Each structure stands twice: as C-alpha cells, then as structure tokens.
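The values are calculated or read from the model by the stated rules, or taken from the named source; none is laboratory data. None of the values given here were measured: they were computed from a predicted structure. All Cβ positions, even for glycine, are placed from backbone atoms using ideal geometry, and neighbour counts span all protein chains on display. Areas reflect the complete protein model, heavy atoms only, side chains present, ligands, DNA and RNA absent. Shrake-Rupley method; radii C 1.70, N 1.55, O 1.52, S 1.80 Å.
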Amino acid sequence: KIGELQIKSGDFDESMKNLETALKIDHNSPDAYFWLGYDYRERKDTAKAIIGFQKAVELKPDYEEAYVILGLLYSSRKDPKGLEYYSSALRLNPHDTAALYDKGKYYQDIDSFQSAIDEYNKITALNADYRDANYGIAYCLFHEKKFDDAIGYFSKVLMKNPYDSGAHYGRGLCYKGLGQYDKWRKETNIAEGLDTKKKQPDK
C-alpha cells in the first residue's frame, strides 16, 4: 500500500523498492504486480509494464482495471491484442464506459469507423450525454463524409457545452464539406476565439 501511495505522489524509486519487498513476502500478490506494472508504465518502460499487468491478471482473472490498462498499452502500438484485453474487461463489466470508449478509440485510430461507432453507441445507450462518445461518433461520420449526421452529433456536444472549441471546429468542417462556407467561417471564428481565451492568463 505504501508503494501504491508513493506512485501516486511520484516517488517511483521508493515505490519500486517497496513493491519488490512486498513480492518477496508474497510472490502471488496481484496488487503488487499491478502497481509494479503501473510504476514501469509511468517510467515509459512499456515492456516491463505489460509483464506486471499480465502477471496481475494471471493471478487474479477478474482484475478489470489491469485488463483495461493492458488494452491501452497494446492499443498504443495499434496491436489488435488490445481488443482482446478490452473484451476481457467488458466481460467482467459490460457497462464499463472507459473500456468501451478505449475500444472505440482503437477502432477509430485504425480508421475502422463503423466499428468505432458501434462501440460509442453502446456508451450513449448508457449515457446519452457522454461527450467523448458523441464527439467520437461525429468524428467518424465526418471521415465517412456523412456531414449532416456528423453535424447532429457535434451539435449534441455543444448543447451540453457551448464552449467546446473542438466541436465548433468539427461542425465547421462539416459545413465546409457541404459547401456552406459562411457557416464554416462562423464556426471556425467561434472556435478560434474560444481557444484564444483559454490561452490568456487569468487576471
């Protein structure tokens, strides 16, 4: 537990010592392997991080969080093995919106847009206002040149947060794709104004 707290405070050298000591006491501790994997992940040592998380799920097959992180680590390499780990997490908890989103994002990143939309729709069925899922659907529809449909999802994001510059940019690009250049310029100006405001220091 001390090692876990030290990771959260950024003291990775001390956390490593304590986690290794914990494993000497109990070499079958899934939590110790999980946090050891986390430590290596923070150090950008992906190979050793994967070993730690894999050992954690080997010892504790229902370790949902470890499956999700393994999915992220493999997905960052665009390795389809990431999908297997997301599926393992979702078998344990079909309503895990983080795992559903990460799985959808994997498909999005490899340009498998319909598969991504299918995963994002599972999230919006649970939470209709989930920003990243609605934005992800809009992004995929835009890349499929379904501009009118994409506008609807970008607008849904903006109904919850009118100051979302990314959604304004996206909606603007859809208008551009439809040849509605006045609306495109208007959305772009709004987005640029919001981004400029974010960069200004607080007075």
(message) Rounding to the nearest 10 and keeping the result within 0 to 90°, find how far the Cα-based axis of helix 131-143 lies from the longest principal axis of the chain.
(response) 60 degrees
(message) With equal scatterers on the alpha carbons only and no solvent term, can you work out the Debye log10 of I(q)/I(0) for the range 67-203 at 0.15, 0.21 1/Å?
(response) -0.77, -1.12
(message) What's the magnitude of the charge dipole for the chain around its Cα centre, counting Lys and Arg as +1 and Asp and Glu as -1 at the beta-carbon? Answer in Debye, nearest 20.
(response) 700 debye
(message) Taking the 0 to 90 degree range and rounding to the nearest ten, how far is the long axis of helix 165-177 tilted relative to the main principal axis of the chain, both from C-alpha atoms?
(response) 50 degrees
(request) For the chain, build the charge dipole from Cβ charges (+1 Lys, Arg; -1 Asp, Glu) around the Cα centre, then report which of LEU59, ASN121, THR21 sits farthest towards its positive end. (result) ASN121
(message) Please compare each pair in LYS1/LYS60; LYS105/LYS145; LYS122/LYS186 to a cut-off of 29 Å on the Cα-Cα distance and tell me which ones are over it.
(response) LYS122/LYS186
(message) From the P(r) of the range 25-85, could you give the percentage of C-alpha pairs in the tail past 20 Å?
(response) 17 percent
(message) I need the shape label for the range 127-203. Rule: rounded when a/c is under 1.5, else prolate if a/b > b/c, else oblate, with a, b, c from the alpha carbon gyration tensor.
(response) oblate
(request) With a 1.4 Å probe and every protein chain left in place, tell me how much accessible area LYS198 has, in Å² to the nearest 10. (result) 130 Å²
(message) At 222 nm, what value in deg cm²/dmol follows for the chain if DSSP H runs of at least 4 each add -39500 (n - 2.57) and the sum is divided by all its residues, to the nearest 500?
(response) -24500 deg cm²/dmol
(request) On the protein heavy atoms, probe 1.4 angstrom, tell me the percent of accessible surface of the chain carried by carbon and sulfur. (result) 50 percent
(message) I need the semi-axes of the equivalent ellipsoid of the range 6-144: take the C-alpha gyration tensor, multiply each eigenvalue by 5, square-root it, list largest first in whole angstrom.
(response) 32, 15, 13
(message) Modelling each spin label as a point 7 Å along the Cα-to-Cβ direction, I'd like the ASP182/LYS60 distance in nm, to one decimal.
(response) 6.0 nm
(request) Subtract the Cα-Cα distance of SER9 and LYS81 from 0.36 nm times their separation in residues, and report this length gain in nm to one decimal. (result) 22.8 nm
(request) Could you provide, to the nearest whole Å², the per residue accessible area of the chain with probe 1.4 Å? (result) 57 Å²
(message) Which residue fluctuates most in the GNM of the chain (Cα springs below 10 Å): SER88, SER76, SER155?
(response) SER76
(request) May I ask for the Kirkwood hydrodynamic radius of the range 85-125, worked out over all distinct Cα pairs and given in angstroms to one decimal? (result) 9.9 Å
(request) Quick one: angle between helix 46-59 and the longest Cα principal axis of the chain, in degrees between 0 and 90, rounded to 10, please. (result) 70 degrees
